[in-house]
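Chemist: Here you go, one structure.
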Amino acid sequence: MKAVWQSFKLENRLKRRPYFFVYLGIVLFGVVGGYLLRKFLITGNSVSPLYLEATFAWGLLVLCTLTPFAVQRSHDIGISGWWVLLLWLPPFVDFRLLLILSKYTDLKINEIVFWPSIFIALAGLVFMVVLFFSPSKNAGDTLSEPLTWR
């Protein structure tokens, strides 16, 4: 159990391959949980009032789980861990959430909200690409390297 908590330390470094597998596992965890939320909170044409709040909270939980690993990966490629805050912007200016709200409420989406949310989502996507494909600044970044967090 101690080894699991050690992997969440922000000072650690995470190579490309282990980061990919951790990211994949967290995303699968998020998708399965989101599917279960949808299955239990949407029945037929009726949507539970808790659906938006529950999916937002679930997304934040998944992002909280991903954040320490993204910080470790950013340290490994030689950039500040503060850049991971880019991952935290899309949930709060999320275009998809606005679309869901507009479908079930009278909310109208205008250009003042649309373009900044698209820009922030693209910035988060570019940062994820940088985390996935940037080489490590440390020697020994090979595909045959064992899955270690140090």
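The values are calculated or read from the model by the stated rules, or taken from the named source; none is laboratory data. These numbers come from a predicted model, not from an experiment. Using ideal geometry, Cβ is built from the backbone for each residue, glycine included, and neighbour counts are taken over all protein chains shown.
Chemist: For the stretch 65-109, give me the residue count where each residue is of a type in the set (A, V, I, L, M), at pLDDT 75 or above and in a helix (DSSP H, G or I).
Modeler: Going through the stretch 65-109 one residue at a time, the tally reaches 7.
Chemist: Taking the stated definitions as given, is residue 31 β-branched (Val, Ile, Thr), surrounded by fewer than 12 Cβ atoms within 10 Å (Cβ to Cβ) and assigned to a helix (DSSP H, G or I)?
Modeler: The answer is yes for residue 31.
Chemist: Do we have any residue at all in the stretch 22-40 that's touching a residue at least 40 places away in the same chain (Cβ under 8 Å) and over 14 Å from the mean Cα position of the chain (by Cα)?
Modeler: no
Chemist: Within the stretch 34-66, count every residue that is surrounded by 13 or more Cβ atoms within 10 Å (Cβ to Cβ) and not hydrophobic (A, V, I, L, M, F, W, C).
Modeler: So the count comes out to 7.
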